[in-house]
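**Q** Here it is: the structure, laid out below.
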C-alpha cells in the first residue's frame, strides 16, 4: 500500500489495485490448495490477474505486472509455506520452528537472488538479448522474456485489443465456459459409468493447467516429464510397489536437486571458460519452431516470415 501510494509514478498501480489483488489471492488460495494437495499441481492465477487488471486498468504494463505479483505470487507463496508446514507436520517439526526456518530462508533467498541477478547482469554480455546472443546460448532468459511479453500483451496492448471486441481472438473467451463445464462432464461420467474406474482419474485442472507451462517450456520438456512420470508412476508403482514406496519421493527430490547443482557446476567448470558442449539436443533452434516469433495478424510483413 505504501509503495502504491508514494511511488505510484513508478509502479503505476493504485491502492485499490493492491487490495483487489490481495482479495483474489485470498479467495483462490483454498481452492488451488485443494488441487495442489490432491494432485501436487497448482494451477496459477497469472493469466486471470493479468486479464482482470488489463481490462480495469489498461495501457499500464508495470501496473499489470505488479498486480500479477500481488495476486498470483502471493497465492503461490502461501501454498509453498503451507506445503512446508505439511512436510514439517510429517517430520514432527514444531510449527514455530518451521515458521522461523521459513522466515530465515526467505530473508537469505532475497539477498542471494538479488545479488546473483546483479552479478549476472554485470558478468554476462548481452544477457537476455536474443538478437545479440548466439542461437545456442544458455542466457536467453526464457522465463523472464515470458514475464516481459506478458506485460506487453496484457498491460500495454490490453486484453480488449487482443481478446475483446477490438481484437481478433474474442472466440478464445469461450474456453472459460469450456473450462467450467469440463469437470462437471467428468463427474457426470463417473456417476453414469461407475464400473469404469479410469474415468475418475481424469483431472481436468491438471490436464489443462499443464499447458500454462508451454511458454517457455517446449515439447522436449513435456516428453521428458511424461517418460519419467510414466515409468515411475505406472510401471514401478504397479510392479515394484515396495521400491516405489521407499525411494520414489527421494528420487524425485534427487532429480530436482541434481539438475540444479549440475547447472551451477557446468557454469562454473565450463561456462566461465567459454567451453560449450555441443550435441544434437542443444544446437540450432531449440524450440524446433523457427517461425514461432512471426506475427499472425493479417497483412503484417516481417522478413523471413509468411504473410497471412
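**Q** Which of the residues spanning the stretch 86-97 are surrounded by 11 or more Cβ atoms within 10 Å (Cβ to Cβ) and more than 20 Å from residue 36 (Cα to Cα)?
**A** Once the filter is applied, which keeps residues that are surrounded by 11 or more Cβ atoms within 10 Å (Cβ to Cβ) and more than 20 Å from residue 36 (Cα to Cα), the stretch 86-97 yields only 93.
**Q** Additional query: Residue 156 fails exactly one of the following numbered conditions: (1) closer than 30 Å to residue 11 by Cβ; (2) in contact with a helix residue (DSSP H, G or I) (Cβ under 9 Å, 6 or more places away or on another chain); (3) free of Cβ contacts under 8 Å to residues at least 40 places away in the same chain. What is the number of that condition?
**A** (3)
**Q** Only residues that are surrounded by 11 or more Cβ atoms within 10 Å (Cβ to Cβ) and in a loop (DSSP other than H, G, I, E, B): list them for the stretch 114-133, please.
**A** Once the filter is applied, which keeps residues that are surrounded by 11 or more Cβ atoms within 10 Å (Cβ to Cβ) and in a loop (DSSP other than H, G, I, E, B), the stretch 114-133 yields 124, 126, 127, 128, 129, 130, 133.
**Q** Could you check residue 159 against (1) farther than 30 Å from residue 248 by Cβ; (2) not assigned by the TED database to the domain that holds residue 51 and say which number it fails?
**A** With (1) farther than 30 Å from residue 248 by Cβ; (2) not assigned by the TED database to the domain that holds residue 51 applied to residue 159, the lone miss is (2).
**Q** Pull out all pairs, ordered by first then second residue, where Cβ-Cβ is under 9 Å, the residues are six or more apart or on different chains, the first lies in the stretch 19-45 and is over 14 Å from residue 206 (Cα atoms), and the second is in a loop (DSSP other than H, G, I, E, B) and at pLDDT below 95.
**A** 19/1; 21/13; 24/45; 25/45; 28/45
**Q** Determine, yes or no, whether residue 223 is within 19 Å of the chain's Cα centre (by Cα) and either farther than 30 Å from residue 28 by Cβ or touching a residue at least 12 places away in the same chain (Cβ under 8 Å) (or both).
**A** Against the criterion (within 19 Å of the chain's Cα centre (by Cα) and either farther than 30 Å from residue 28 by Cβ or touching a residue at least 12 places away in the same chain (Cβ under 8 Å) (or both)), residue 223 qualifies.
The values are calculated or read from the model by the stated rules, or taken from the named source; none is laboratory data. Everything numeric here is computed off the predicted structure, so don't read it as measured data. Ideal geometry is used to build each Cβ from the backbone, glycine not excepted, and the neighbour counts take in all protein chains shown.
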